[in-house]
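This report concerns only the one structure given below.
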Amino acid sequence: MKKSSVKFAELVDLFAELPTVGRKSAFKIAYHLLFEDNFKAVKLSHLIEEAVREVRKCDVCGNITEDEICYICADEERDARRLCVVASAKDIFSLELSGGYNGKYFVFEELKATTVEKLEECVKDGVEEVIFAFTPSVESDGLIVYLEDRLSSYSVSFTKIAHGVPTGVSFENIDTVSLARAIESRVKA
Ligand SMILES: [Zn+2]
């Protein structure tokens, strides 16, 4: 098929590769940026460049930040006795939106020796309760059992979120009320 503009087609292809953006939306976004809001297009390209350069993961918990330590780790008002372990920094964003939690976080993205060591470092630091906030699945249940075993020498209790989070559904697709309830009504893990 002939393309009226190769550049335009490339832009549509690229947008279509983004999460949750289908081809129709990709076309609409590309058209909007090029013909309806030029200014936004330029602003967007600058902002993406800056963000790629400056945004990073927190050295302690893995949250998104522009500093070495994120605002949650740095906040002394938060309850440092509670550590909520999530699978992605995106989940911190969803849980913070729900407003149901005031402790600290740890992002456990991948089962690696260094990640387990980092988690241990956090747990050592006066934590009394480790809350596993993973989307329920066979894999996450296995990971919880493994981590409990690894952390068994510390005097901490283990809990996990119980209700409101269906199997296999990621936190960003769950409404904030259900998510707040899920973390409040946690059970022994
Ligand atoms: Zn942090």
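At a glance:
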| read-out | value |
| --- | --- |
| Pair list, Cβ under 8 Å, 6 or more apart: the range 128-148 residue among the charged types (D, E, K, R), other residue part of a strand (DSSP E or B) and open to solvent by 40 Å² or more (accessible area, probe 1.4 Å) | GLU128/ARG81; GLU128/ARG82; GLU128/SER157; GLU129/ARG81; GLU129/ARG82; GLU129/SER157 |
| Qualifying residue in the range 79-93 (condition: assigned to a helix (DSSP H, G or I) and aliphatic (A, V, I, L, M)) | yes |
| Residues of the range 144-189 classified as farther than 14 Å from LEU95 by Cα, open to solvent by less than 40 Å² (accessible area, probe 1.4 Å) and β-branched (Val, Ile, Thr), total | 3 |
| Verdict on TYR31 being modelled with pLDDT of 95 or more, among the aromatic types (Phe, Trp, Tyr) and either over 26 Å from the mean Cα position of the chain (by Cα) or assigned by TED's automatic domain parsing to the domain that holds ASP125 (or both) | yes |
| Residues that are within 9 Å of the ligand (Cβ to nearest atom) and surrounded by 17 or more Cβ atoms within 10 Å (Cβ to Cβ), drawn from the range 66-91 | CYS70, ILE72, CYS73 |
| Filtered residue count, the range 137-189, keeping only those that are outside any helix (DSSP H, G or I) and among the acidic types (Asp, Glu) | 1 |
| Residue within the range 58-65 that is within 12 Å of the ligand (Cβ to nearest atom), free of Cβ contacts under 8 Å to residues at least 12 places away in the same chain, among the charged types (D, E, K, R) and open to solvent by less than 90 Å² (accessible area, probe 1.4 Å) present | yes |
| Check on TYR105, of a type in the set (Phe, Trp, Tyr), within 9 Å of the ligand (Cβ to nearest atom) and closer than 28 Å to ALA162 by Cβ | yes |
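The values are calculated or read from the model by the stated rules, or taken from the named source; none is laboratory data. Computed from a predicted structure; not experimentally measured. Reconstructed Cβ throughout: ideal geometry from the backbone, glycine too, with neighbour counts over all protein chains shown. Calculation scope for accessible area: heavy atoms of the full protein, side chains included, ligands and nucleic acids excluded. Shrake-Rupley method; radii C 1.70, N 1.55, O 1.52, S 1.80 Å.
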